[in-house]
1. Add +1 for every Lys or Arg and -1 for every Asp or Glu among the other residues with Cβ under 13 Å from the Cβ of SER182, and state the total.
2. Once R0 is set to 51 Å, what does the formula 1/(1 + (r/R0)^6) return for the Cβ-Cβ distance between LYS189 and LYS22, expressed as a FRET efficiency to the nearest 0.05?
3. Please name which of ILE91, VAL79, ASN20 has its Cα lying farthest along the dipole of the range 2-129 towards the positive end, using unit charges on Cβ (Lys, Arg +1; Asp, Glu -1) and the Cα centre as origin.
4. Using a ≥ b ≥ c from the Cα gyration tensor of the range 2-129 (square roots of the eigenvalues), is it rounded, prolate or oblate, where a/c under 1.5 gives rounded and otherwise the larger of a/b and b/c decides, a/b for prolate?
5. How many angstrom lie between the Cα centre of the range 64-100 and the Cα centre of the range 118-153?
6. Express in nm, to one decimal, how much length is gained between SER201 and ASP87 on full extension, taking 0.36 nm for each residue of separation and deducting their alpha carbon distance.
7. By how many nm would the segment from ASN43 to PHE128 lengthen if fully extended, with 0.36 nm per residue of separation less the alpha-carbon distance?
8. With θ set to phi - 60°, apply the Karplus curve 6.51 cos²θ - 1.76 cosθ + 1.60 along the range 31-38 and write out the HN-Hα couplings as whole Hz, x wherever there is a Gly or Pro.
Amino acid sequence: MQKSLIIFFTVLAIVLNAQNIKTKRGIVTLDGTHVAKISNKSNIYTFMDLKENPVYTMEFIDKSIVDSVRDSYVKLNRVYNREKTLDLDYISPSAFSGEEKSAIYTCVKGLKIIDERGINIKNLDELFKNMPKRKLDNKTKEAYTIRTKIDKLNLEVNNVGEILSNGIPVGYFTNLPVSFGSEDTITDKTFVDIEIYDAKSKYIGKYITTTKQIKTAGGKTFTLYKEMSGRASILKFPTYKAIAERLAILDPNFIKVQEKVIVGEVVKDGIEK
């Protein structure tokens, strides 16, 4: 009985202290009081005071890091200092909230830069002075680590299916479609697998178009671009570059460490496990 009373009064306290946040015709209200205005253009939300003076903008970013791992966050920008931006986590009142509601909810509940008096300039300034760190899960952190290593390889696929790393040929695709283009996504389902070889014509692996799977010569298997529902849905079909990147991850020996002599110093680029 005592435990039930504690839970009841805890829930009651939350309900009584909860702010009623609403937006109508671009006017943000807290508990019935007008506190700010908001407008939207090209996925960028501009927050203004009640006199319609722009104060800051919030842009929603949703990007692919590696394969099916995506990152969603907001970019905060002061109107008077467009060069300085903050990448921040955002929160939503529910799983079905749109961007506008999420933007306002983040400003009120998460960042506390909008309160019952309007836009809190002091808290906004403090936010830019002490930039908060994003809270990334382990999967996203690992994806960014892999992305950094891949970017160092600077992989490209030219118009004849050759794979280059920092301008140096390191491998090539075979069984390419007649209409092949280096920036194309692989949409055709063929009975012949697209194979990948290194620069010495050693077989590295293949991409199976019917299952969207990569299989390496060493027996590793990876499914590219698993389809998801919701706002963070991802591309169904990979590019040739994405396949080359994933093979570089699955098989570190595919693109061996390259050495470049620059003014007497040896700079090594490559993916290391």
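Values in this text are rule-based calculations from the coordinates and carry no lab data. The structure presented is a predicted model; accordingly, all values stated were derived computationally and were not measured. Virtual Cβ from ideal backbone geometry, glycine too; neighbours counted across all protein chains shown.
1. Charge balance near SER182 sits at -3.
2. E(calc), rounded to 0.05, equals 0.55.
3. ASN20
4. Oblate is the answer for the range 2-129, as a/c is 1.5 or above yet b/c matches or exceeds a/b.
5. 10 Å
6. Separation in residues times 0.36 nm, less the Cα-Cα distance, equals 36.7 nm.
7. Here the answer is 28.4 nm.
8. Per-residue couplings from phi come out as 6, x, 9, 5, 10, 6, 10, 9 Hz.
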